[in-house]
Each structure stands twice: as C-alpha cells, then as structure tokens.
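Here the structure is laid out as structure tokens; the discussion comes afterwards.
The values are calculated or read from the model by the stated rules, or taken from the named source; none is laboratory data. Here the structure is a predicted model, which is why all the values come from computation and not from measurement. Every residue, glycine as well, gets a Cβ built from its backbone with ideal geometry; the counts of neighbours run over all protein chains shown.
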Amino acid sequence: MSDVTIVPGTTDLEPQAGAREQNFELLADVSLRITVEVGSASLTLTDLLGLTKGSVVELDREADALLDILANGKLIARGEVVAVDGRYGIRIAEIVDARSGADRRSADRGTPDRRAA
C-alpha cells in the first residue's frame, strides 16, 4: 500500500472571486471556425451522380430568409449576406439564445424573411 498524505483543504466549492474572468482569459484566444449555412437538400445517390455543370439543386430555404451562422457546428446567430470590399460578409441580424436549443438549425426554414426593418 502506498503512503497517502491528506492535506486539510477548504470545503468551499464556490468559485473564488475573479475565477470566471481568469477562466475566460485562458480561453479567449481559442480559435473557432465560423460557417454560414445557406440551406440544404436531400438527394438520392442517382440524383447526386447525375449532377453536371449547370445543374441546379433546390435548397430548403426561402431566398429572403436569414442564414444560419454556426461556430464549430453550433448555431449561434442568423444573418444576411453583404459585400465587403469585393468579398462576402455576413451581417448579424439576431443572436440565438443558447438556452433555447442553439444546436438546432434554423427552425424557420422556408418561412418568409424575419429581418427587422
């Protein structure tokens, strides 16, 4: 049997003052991959193999609907495409409440545009 030394410690399980801020600082420089999902479609393998240059695949989202913005695959916001110096950008229109099921993709696909005027 090995020798074990028990050191009396605190039984207070509450985080120390400033611990949350220190933890955030440890993670603040972690990179996340942001993607924007325009829509999706289900195809049979036959249909997929039949695609050629010029084929059009109809997606499951209305053309004026907000696009899903994902961070590492998790829905975080919705927005609209903008042009920034000749490149695509995304303007945030709404932030998704994490407690309301942020891992769920857009529930309003195919519905009219919900952008604020």
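Residues in segment 63-95 that are of a type outside the set (G, A, S), in a loop (DSSP other than H, G, I, E, B) and modelled with pLDDT under 95: 2 in all.
The residues of segment 41-78 that are within 15 Å of I95 (Cα to Cα) and among the β-branched types (V, I, T), listed by number, are I69, I76.
Among the residues of segment 33-61, those identified as surrounded by 10 or more Cβ atoms within 10 Å (Cβ to Cβ) and under 20 Å from the mean Cα position of the chain (by Cα) are I34, T35, V36, E37, V38, G39, S40, A41, L59, D60, R61. Among the conditions (1) hydrophobic (A, V, I, L, M, F, W, C); (2) modelled with pLDDT under 95; (3) over 26 Å from I76 (Cα atoms), V56 misses just one, which is (2).
Could you give me the residue pairs with C-beta distances under 8 Å whose first residue belongs to segment 35-58 and is assigned to a loop (DSSP other than H, G, I, E, B) and among the aliphatic types (A, V, I, L, M), whose second residue is exposed (fewer than 10 other Cβ atoms within 10 Å of the Cβ) and at pLDDT 95 or above wherever it lies, and which are 6+ apart or on separate chains? Listed pairs, sorted by first residue: A41/E58. Residues of segment 23-34 that are within 22 Å of I92 (Cα to Cα) and outside any loop (DSSP other than H, G, I, E, B): I34 alone.
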